[in-house]
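The values are calculated or read from the model by the stated rules, or taken from the named source; none is laboratory data. Worth saying up front: this structure is predicted, and the values here are computed from it rather than measured. FYI the Cβ positions are ideal-geometry reconstructions off the backbone, even for glycines, and counts take in every protein chain you see.
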Amino acid sequence: MSHTPCVIAQTIRTNQKLKMSQTHNIVWFKRDLRVNDHAPLLAASRQDAPVIPLYIVEPDQWLQPDASRRHWHFIHDCLCDLNKELRELGQELIIKIGHAADIFAQLHSDYHIGTIYTHEETGNLWSYQRDIAVQNLCSGLDIELRTTPTNGIVRKLRSRDSWSNIRNKRMMEAIHPRPNALPSVERCQSDRCRKNATLCLEIYQLAVFKKVAEFRL
């Protein structure tokens, strides 16, 4: 049975509406490139919504004075391992290149993001300003940004009198188990280079250490 162009177009529009009507959640990986003992990943896996496991290659990050080639080589290997482990759970790692706020805005436009699960990151001024930009974006788009502490640094602490109790409580928390599975996301793909349809980690590696600002996929 053949379908007219009008029927095909209507089907596409219907699928797009269905995709937009369903809430998706994001797990934003930063320095925590693992599936075991990962509280944000575990929390997202327990929700009744597809999960986008996301790593963002942020060119500005690799222009910072505390970034190095050896650092990227380690990240590269960890991303390969993480992608393999996530595939076993049912959803491969999604890698995007660009500014974090821009990436989240585009994903929200495409997939109606409900919650971003992520670990708090202790970094430098650049990562602090990046996080503020993401917080402002989430507030404007009504996206819940759920962050989980990873160490003894307590944000927005008005007095140090309670710091040791908070820190000790965190250190005594049980190890989080690996998720059993992740709900997959249809048609969500990593950024790809023009001549290759695979995860372009090697291309990202070249981009980071050449003229990053001028790199385009």
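Things to note:
- Residue check for GLY90: surrounded by fewer than 17 Cβ atoms within 10 Å (Cβ to Cβ), touching an Asp or Glu at 6+ places or on another chain (Cβ under 9 Å) and either polar (S, T, N, Q) or touching a residue at least 40 places away in the same chain (Cβ under 8 Å) (or both): no
- Check on ARG31, under 18 Å from TRP126 (Cα atoms) and among the charged types (D, E, K, R): yes
- Spans of strands (runs of 3 or more DSSP E) in the range 47-150 with at least 2 residues at pLDDT below 95, of a type in the set (Ser, Thr, Tyr) and under 28 Å from PRO183 (Cβ atoms): 144-148
- Residue count, the range 151-195 (criterion: in a loop (DSSP other than H, G, I, E, B), modelled with pLDDT under 80 and of a type in the set (A, V, I, L, M, F, W, C)): 6
- When VAL35, VAL51 are checked against the criterion of being surrounded by 14 or more Cβ atoms within 10 Å (Cβ to Cβ), β-branched (Val, Ile, Thr), at negative phi and touching a Ser or Thr at 6+ places or on another chain (Cβ under 7 Å), VAL51 stands alone in meeting it.
- Some residue of the range 8-31 being surrounded by fewer than 18 Cβ atoms within 10 Å (Cβ to Cβ), touching a strand residue (DSSP E or B) at 6+ places or on another chain (Cβ under 9 Å) and at pLDDT 85 or above: yes
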